[in-house]
1. So, in segment B:17-44, of the ones that are within 7 Å of another protein chain (Cβ to nearest Cβ) and in a loop (DSSP other than H, G, I, E, B), which residue ends up farthest from A:Thr141 (Cα to Cα)?
2. Quick one: would you say A:Phe54 is touching a residue at least 24 places away in the same chain (Cβ under 8 Å), closer than 25 Å to B:Val33 by Cβ, hydrophobic (A, V, I, L, M, F, W, C) and more than 8 Å from every other protein chain (Cβ to nearest Cβ)?
3. A:Met95 versus (1) without any contact (Cβ under 8 Å) to a residue 12 or more places away in the chain; (2) crowded, with 18+ Cβ neighbours inside 10 Å; (3) more than 10 Å from every other protein chain (Cβ to nearest Cβ): which is the lone unmet condition?
4. Step by step: first the residues of segment A:90-116, then only those that are charged (D, E, K, R) and modelled with pLDDT under 70, then the one that is farthest from A:Ile39 (Cα to Cα). Which residue is that?
5. Which of the helices (runs of 4 or more DSSP H) found entirely inside segment A:92-181 contain at least 3 residues meeting this: closer than 27 Å to A:Val40 by Cβ?
6. Go over the candidates A:Lys148, A:Lys121 one by one and state the one that is of a type in the set (Lys, Arg), at pLDDT below 85 and surrounded by 15 or more Cβ atoms within 10 Å (Cβ to Cβ).
7. Of all residues in segment A:26-50, how many are touching a Pro at 6+ places or on another chain (Cβ under 9 Å) and facing chain B (nearest Cβ under 7 Å)?
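The values are calculated or read from the model by the stated rules, or taken from the named source; none is laboratory data. On a predicted model such as this, the values are computed, not experimentally measured, just so you know. As a convention, Cβ positions derive from the backbone with ideal geometry for all residues, glycine included, and neighbour counts pool all protein chains shown.
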Amino acid sequence: MNNPDELNYIERILAGETNLYSHFVNSYSNSIYSLIVRIVLTNEDAEELTQDSFLKAFKKLDTFKGDCSFSTWLFRIAYNTAISATRKRKMEFPMVDEAMMESVPDEAIETFFEGDENEIKLQKLEEAIAKLNVEEKTLITLFYTEDKSVAELAKVLDLTNENVKVKLYRVRKKLYVLMTK
Amino acid sequence: MNMNNDKAIIKALQSTQSPRPSVDFNSRMMAEVYRAVERKKKRAYILSLCLASGVSLALIAMTIYLLNNYFAINLHIHLPKFNVSDQSISVYGFSFYIALLILILIGLDHYLRHKWLMKKSGNDRP
């Protein structure tokens with residue numbers, strides 16, 4: 001669904017055609033749920049928070065200006081909702097030595113992540129992804145599985161484009177260090 | 001830095017794809033949305049009612065204030081005195097009886113009509 005379609009749907013929903021909101025629910029519920037479950041880790045909480053996110057979006061629909069896609073706007077709401085939920089409980093993430101990260105050459109990382117045939121490597125990578133903090137998980141989930149651009153990621157996480165690029169670059173290094181140490 | 005070639009990360013993320021939300025999630029979600037719309041309508045109705053009541057009270061208060069302080073009008077109303085005779089009491093009694101009878105008949109009509117409509121809507125439902 002492109003932007004004009006989304007805006008048309010939103011205008012009609014705001015005019016009273018509430019049932020049209022089901023198009024957004026059907027289109028994005030899986031993606032939003034996938035992102036939230038990576039952040040909060042339990043299915044029950046993820047489902048509740050997904051519902052909260054969609055409800056918040058519905059209530060604030062009149063504030064959507066169309067300067068980004070509806071999904072980016074929705075991901076931002078979902079991310080903030082999940083972050084608020086995780087603040088209530090203490091979550092600990094392993095720290096990675098900065099010097100160790102800096103010492104990794106870029107070429108090594110590119111070659112390392114290019115291949116996807118090694119099952120053991122993939123399993124280690126899954127474990128390393130689980131050790132990332134919430135922002136890092138959100139970044140790689142949206143970048144690699146939702147095909148979001150750097151600009152869209154910047155909108156979701158309320159960061160600058162440059163900041164997103166740096167963070168993505170560092171996440172790859174962190175994953176490499178977590179896997180190889 | 002070319003991150004589009006990070007096939008391993010993409011594959012790892014896809015393989016750890018979480019289970020999807022429950023099957024009836026979307027329908028439950030829409031039910032919640034409809035409930036939210038109803039709540040919003042109810043809130044707007046209560047708000048408008050409060051607003052109308054407030055404005056009405058303010059107008060009444062303003063009228064009383066103006067009449068008391070700016071107009072020389074005597075607000076005391078003297079009701080005429082009634083001398084009720086025995087003959088008029090029987091007329092009043094008869095009128096009261098007729099009025100009561102009409103009220104009972106209207107009430108009965110409303111009750112039976114309501115019952116009939118309920119029965120009809122019950123039969124129409126598949």
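1. B:Ser22
2. Against the criterion (touching a residue at least 24 places away in the same chain (Cβ under 8 Å), closer than 25 Å to B:Val33 by Cβ, hydrophobic (A, V, I, L, M, F, W, C) and more than 8 Å from every other protein chain (Cβ to nearest Cβ)), A:Phe54 does not qualify.
3. So A:Met95 meets the others, but not (2).
4. In this case the residue turns out to be A:Asp116.
5. Helices (runs of 4 or more DSSP H) meeting the threshold: A:119-130, A:134-140, A:150-157, A:161-180.
6. On inspection, the qualifying residue turns out to be A:Lys121.
7. Residues flagged as touching a Pro at 6+ places or on another chain (Cβ under 9 Å) and facing chain B (nearest Cβ under 7 Å) within segment A:26-50 amount to 7.
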